[in-house]
Amino acid sequence: MYWQLAVERITSRWTGQNLVSRVIPVDPFDIVIFGATGDLARRKILPALFHRFVVGQIPDEARIIGTARRDINPCAFVAMVRNDLHAFASTAASKTEALTRFLERLQFVRLDATGDMGWSDLTGFLRPELKRAFCFSVSPTLFGPIAAKLYTTGVAHSESRIVVEKPFGHNLYAAQQLNASLLRNFSERQIYRIDHYLGKESVQNLMALRFANALWEPLWNARHIDHVQITVAESIGVSGRGEYYDSSGAMRDMIQNHLMQLLCLTAMEPPTRFEPNAVRDEKVKVIKALQPVRSMDVVRGQYSARDGKDGYRDHAGNADSLTECFVALKVNVGNWRWASAPFYLRTGKKLRARSSEIAIMFRDPPHMIFQDSEWPRGNALIIRLNPNEGITLHNTIKDPGPGGFRLTDVSLDMAFASALGDLEKPQDAYERLIMDVVRGDQTLFMRGDEVEAAWSWIDPIIATWEDARDVPLPYEPGGSGPEMADVLLRRDGREWRAIG
Ligand code: NAP
């Protein structure tokens with residue numbers, strides 16, 4: 001069942017039997033959601049809290065306080081959340097008796113983030129003895145004002161935690177301003193900057209794969225790895241949020257955060273401990289080792305219209321838009337481990353399929369002894385983030401049967417759902433991340449200097465496009481992006497893995 005995911009699995013190393021399965025509850029807490037009537041809170045944060053409550057990880061003493069400006073009463077808020085949980089939470093979970101108990105944990109305070117309304121009411125709801133977490137599920141323009149209000153009204157104390165969403169700035173300068181506005185009233189150890197990719201099981205598994213197995217580390221370098229491909233492809237376009245997207249683009253919306261995080265976890269040195277600053281120090285070192293990207297190593301695209309409609313520019317509502325919704329780039333990590341093994345990153349909208357993966361492409365065998373056979377391709381280790389999270393290892397074996405020694409490629413396939421059993425639905429990233437906030441574990445959150453380092457590397461790439469008024473290349477919806485993205489790899493004697 002779905003909620004068995006929350007249990008700690010303690011498994012016999014030798015027999016594979018589950019020895020103990022138990023939920024590890026967190027301490028009671030008060031969590032305040034600013035923007036509780038907004039899309040993110042309703043679709044992600046509240047369902048995530050509900051799932052953790054159903055499995056018993058959140059104790060009955062916890063309280064969830066929603067706030068927003070609009071004039072609704074607490075009963076209407078609870079009714080809204082009830083409907084949302086039926087729509088967005090696991091069907092099985094929303095049918096349990098826990099739904100009623102969860103709804104009893106909810107409060108609503110009408111509050112204006114930028115004015116005085118509601119702040120003293122909020123203070124009245126919070127219990128002095130408990131931990132407090134504040135989720136900023138509002139526009140980034142409100143992050144600074146809310147942080148200041150929390151401090152000046154005394155709603156937050158020195159042990160309180162604040163959780164902020166992406167986008168964390170639009171460029172380096174904006175990120176620095178935002179960091180400064182939060183750090184004015186909170187210390188770094190109180191700030192949890194979410195990149196929800198880090199909460200994905202498969203992304204955390206990348207760390208387990210690399211640092212809990214002795215097998216890979218000797219091979220994890222440019223001597224054995226030819227290159228790495230990181231793809232995050234989406235089949236949907238930007239319609240519905242085109243206007244927002246057009247002010248951002250794939251480089252800011254995806255590369256600066258999600259793909260950079262995947263790159264960092266793939267490329268980083270083993271941290272000394274699985275501890276927030278040890279992990280984040282190593283990630284920052286990777287970002288600082290990234291070499292400037294040459295303009296010939298970047299391809300930008302926009303999906304075209306079909307029958308004169310539904311192109312990117314139609315969806316963005318901007319006939320002259322120069323914003324990219326596809327980007328592919330070659331990235332060199334300038335250190336001993338990765339010199340000569342580039343990382344190719346690719347992300348885009350309206351591509352063939354929704355599919356995200358990290359592909360570690362190993363080098364070809366150095367000497368071929370099977371003279372009559374086709375040259376086998378190098379091994380590849382594929383870490384699938386979605387759909388069907390898991391790991392595939394491509395090997396070359398003998399093609400069975402007589403008639404010559406032919407070689408063929410087969411894969412060792414591990415889908416997490418079947419390997420770990422009874423996974424009705426994977427845990428949403430927010431479930432893990434919000435529980436980490438309550439536990440006070442910042443390992444899966446971005447540190448301020450990490451975000452700024454990422455912008456320092458990205459800004460010059462974007463500035464080059466903006467200065468040149470670079471026009472993104474058109475590409476067919478449902479394909480794999482502009483032809484030039486293929487050329488980017490073909491030029492180096494390589495090719496992309498097929499999307500999906
Ligand atoms: P949204 O749907 O526009 O919701 C914004 C919320 O903020 C509403 O509850 C709104 O309630 C409240 N609000 C606005 N002004 C306020 C004020 N002055 N005082 C108090 N509350 C105020 O936005 P969203 O999509 O949920 O996004 C929230 C944040 O998450 C943004 O930073 C966004 O970039 C980020 N994010 C969202 C998603 C997503 O899937 N939606 C994904 C990643 C990141 P009232 O109108 O009642 O005040």
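Structure summary
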read-out	value
Pairs of Cα atoms farther than 17 Å apart, segment 152-210, %	53 percent
Leading residue at positive end of dipole, segment 50-111 (Cβ point charges), from S90, M80, F53	M80
Dipole magnitude of segment 121-175 about its Cα centre (Cβ charges: Lys, Arg +1; Asp, Glu -1), debye to nearest 20	80 debye
Eligible lysines near K309 by straight Cα distance, threshold 26 Å, same-chain separation 8 or greater	K349, K350
Exposure proxy ranking, count of Cβ atoms within 10 Å, fewest first, for C325, C75, C135	C75, C135, C325
Kirkwood Rh and Cα Rg combined as Rg over Rh, evaluated for segment 369-500	1.08
All-pairs alpha carbon distance profile, segment 178-229, 5 Å steps from 0, percent	4, 15, 14, 15, 14, 11, 11, 10, 6, 1
Total charge dipole magnitude, segment 348-500, about the Cα centre, Cβ charges on Lys, Arg, Asp, Glu only, Debye to nearest 20	400 debye
Neighbour net charge for F53 - beta-carbon separation under 12 angstrom, K R +1, D E -1	-1
Listed pairs K131/K285; K200/K283; K166/K330; K166/K288; K95/K131 exceeding 26 Å between Cα atoms	K131/K285; K95/K131
Per-selection metrics, the chain (Cα): Rg and Dmax in Å	24.1, 83
Computed [θ] at 222 nm, deg cm²/dmol, the chain (DSSP H ≥ 4; -39,500 (n - 2.57); rounded to nearest 500)	-9000 deg cm²/dmol
Cα centroid of segment 384-451 to Cα centroid of segment 243-301, whole Å	20 Å
Of I225, S248, A212, farthest towards positive along the dipole that unit charges on Lys, Arg, Asp, Glu beta carbons give segment 202-259	A212
Total charge dipole magnitude, the chain, about the Cα centre, Cβ charges on Lys, Arg, Asp, Glu only, Debye to nearest 20	420 debye
Per residue Cα convex hull volume in Å³ - calculated over segment 169-313	173 Å³
Net +/- balance of residues flanking T392 in space, Cβ distance below 12 Å, scoring K and R +1, D and E -1	-2
Translational diffusion of segment 255-413, µm² s⁻¹ [Kirkwood Rh, Cα pairs; Stokes-Einstein; 25 °C; 0.890 mPa s]	128 µm²/s
Selection from L489, V437, P460, by position along the positive dipole direction of segment 422-500 (Cβ)	L489
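Here, each number is a calculation from the coordinates, and none is a lab measurement. It should be emphasised that the depicted structure is a prediction, and the values quoted were computed from it without experimental measurement. Backbone-built Cβ (ideal geometry, glycine too); neighbour counts: all protein chains shown.
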